[in-house]
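Worksheet: the structure to be examined is printed underneath.
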Amino acid sequence: MRYALISDIHANLPALEAVLADVDARGGVDAVHHLGDLVGYAPWPDEVVETIRARGIQGVCGNYDSTVAAGAPHCGCRYEDPRQEALSHESYAWTRAHVGEAARRFLGALPFRMDLRPGGGHAPGSRVVLVHGTPTLNTLYWTADRDDDFCRKMAGHAGARAGDVICFGHTHVPWTRAVDGIRFVNTGSVGRPKDGDWRAGYVLLEVEGAASSAEFVRVEYDVARAMDAIRASELPDDFAEYLRTGGKAKAEAAA
Ligand SMILES: [Fe+2]
């Protein structure tokens with residue numbers, strides 16, 4: 001089975017459209033799933049939800065999705081400095097005010113976790129577990145520098161064993177490694193990468209028997225369209241520069 005896994009779209013419609021076009025052009029993808037954070041930071045929350053719904057792309061609930069759906073006071077995001085925190089609050093307030101009722105209900109109905117059985121459910125075999133952050137919370141950041149014990153602990157929470165794959169997003173930086181025969185895949189972000197590469201990111205996950213591999217794909221998209229729409233909206237203009245630099249705007253300015 002070959003899966004396309006898309007995460008952290010964050011209301012960036014041009015990035016989502018480019019990724020779906022890339023998946024379609026490749027052919028040979030058996031299923032597309034999303035790993036949450038459909039909304040936030042860009043001005044197309046309803047359009048992104050509608051695209052996902054219309055294509056029948058099933059997936060899990062990100063922290064942004066669940067907090068918007070619940071009307072929580074805070075998106076559960078982490079901030080690196082007070083300015084980023086202030087901008088994030090602005091983004092969250094904007095998104096809560098602009099997500100339509102149909103989209104809000106769709107976000108609230110997303111499951112916390114999805115289990116896939118690439119070989120079918122009629123016999124033992126590898127399982128693929130999809131969550132947004134970790135198997136315990138969608139707000140917890142699972143970065144590449146988490147040690148093997150953290151991975152083992154999370155695998156334990158998920159009930160995973162050798163041959164299984166656990167996939168997640170939330171950090172917006174892609175990585176993969178195996179611990180005790182369990183593969184861990186952070187998909188990176190479609191609509192708001194933070195690794196310095198502005199292109200939309202997603203993963204092609206291939207599972208054959210107990211073997212699995214993850215290919216990280218980057219796709220160019222009309223980032224100018226996204227930047228113009230952010231600037232034309234009441235979202236902070238900083239978010240446009242953030243997209244252009246792949247989340248490194250601040251580092252560039254400091255350098
Ligand atoms: Fe996110």
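The values are calculated or read from the model by the stated rules, or taken from the named source; none is laboratory data. Note that this is a predicted model, so its numbers are computed, not measured. Here the Cβ is made from the backbone with ideal geometry for all residues, glycine too, and neighbour counts use every protein chain on show. When the accessible area is computed, the model is the full protein with side chains, heavy atoms only, and any ligands, DNA or RNA have been set aside. Shrake-Rupley method; radii C 1.70, N 1.55, O 1.52, S 1.80 Å.
Structure values in brief
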{"item": "Subset of segment 49-62 [within 21 Å of residue 2 (Cα to Cα) and open to solvent by less than 40 Å² (accessible area, probe 1.4 Å)]", "result": "52, 57, 59, 60"}
{"item": "Filtered residue count, segment 29-43, keeping only those that are in contact with a Lys or Arg (Cβ under 6 Å, 6 or more places away or on another chain) and surrounded by fewer than 20 Cβ atoms within 10 Å (Cβ to Cβ)", "result": "2"}
{"item": "Selection within segment 74-86 - under 23 Å from residue 135 (Cα atoms) and either more than 11 Å from the ligand (Cβ to nearest atom) or buried (at least 20 other Cβ atoms within 10 Å of the Cβ) (or both)", "result": "74, 75, 77, 79"}
{"item": "Residue in segment 59-73 that is at pLDDT below 95 and of a type outside the set (Gly, Ala, Ser) present", "result": "yes"}
{"item": "Selection count where residues are under 20 Å from residue 140 (Cα atoms) and in a loop (DSSP other than H, G, I, E, B), scope segment 180-204", "result": "9"}
{"item": "Residues located in segment 141-164, provided they are assigned to a loop (DSSP other than H, G, I, E, B) and either out of contact with any helix residue (DSSP H, G or I) (no Cβ under 9 Å at 6 or more places or on another chain) or open to solvent by less than 40 Å² (accessible area, probe 1.4 Å) (or both)", "result": "141, 142, 143, 144, 145, 147, 159, 160, 162, 163, 164"}
{"item": "Count of residues meeting criterion [touching a strand residue (DSSP E or B) at 6+ places or on another chain (Cβ under 6 Å) and within 16 Å of the ligand (Cβ to nearest atom)] in segment 7-28", "result": "2"}
{"item": "Selection from segment 207-233 of residues that are surrounded by fewer than 16 Cβ atoms within 10 Å (Cβ to Cβ), of a type in the set (A, V, I, L, M, F, W, C) and in a helix (DSSP H, G or I)", "result": "224, 232"}
{"item": "One residue from 11, 97, 72, 25 being in a loop (DSSP other than H, G, I, E, B), hydrophobic (A, V, I, L, M, F, W, C) and more than 17 Å from the chain's Cα centre (by Cα)", "result": "72"}
{"item": "Subset tally (residues that are over 14 Å from the mean Cα position of the chain (by Cα), under 16 Å from residue 192 (Cβ atoms) and not hydrophobic (A, V, I, L, M, F, W, C)) for segment 28-44", "result": "1"}
{"item": "Residues of segment 29-49 that turn out to be within 16 Å of the ligand (Cβ to nearest atom), over 10 Å from residue 59 (Cβ atoms) and among the aliphatic types (A, V, I, L, M), as a count", "result": "4"}
{"item": "Residue 46 being open to solvent by 20 Å² or more (accessible area, probe 1.4 Å), on the phi < 0 side of the Ramachandran plot, at pLDDT 95 or above and in contact with a Gly (Cβ under 9 Å, 6 or more places away or on another chain)", "result": "yes"}
{"item": "Test: residue in segment 113-135 that is among the hydrophobic types (A, V, I, L, M, F, W, C) and open to solvent by 50 Å² or more (accessible area, probe 1.4 Å)", "result": "no"}
{"item": "Segment 167-180 - residue that is over 14 Å from the mean Cα position of the chain (by Cα) and touching a residue at least 24 places away in the same chain (Cβ under 8 Å) and, of those, nearest to residue 198 (Cα to Cα)", "result": "176"}
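For every residue, the table says whether it meets (1) among the aliphatic types (A, V, I, L, M); (2) more than 25 Å from residue 92 (Cα to Cα).
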| residue | (1), (2) |
| --- | --- |
| 169 | no, no |
| 220 | no, yes |
| 229 | yes, no |
| 232 | yes, no |
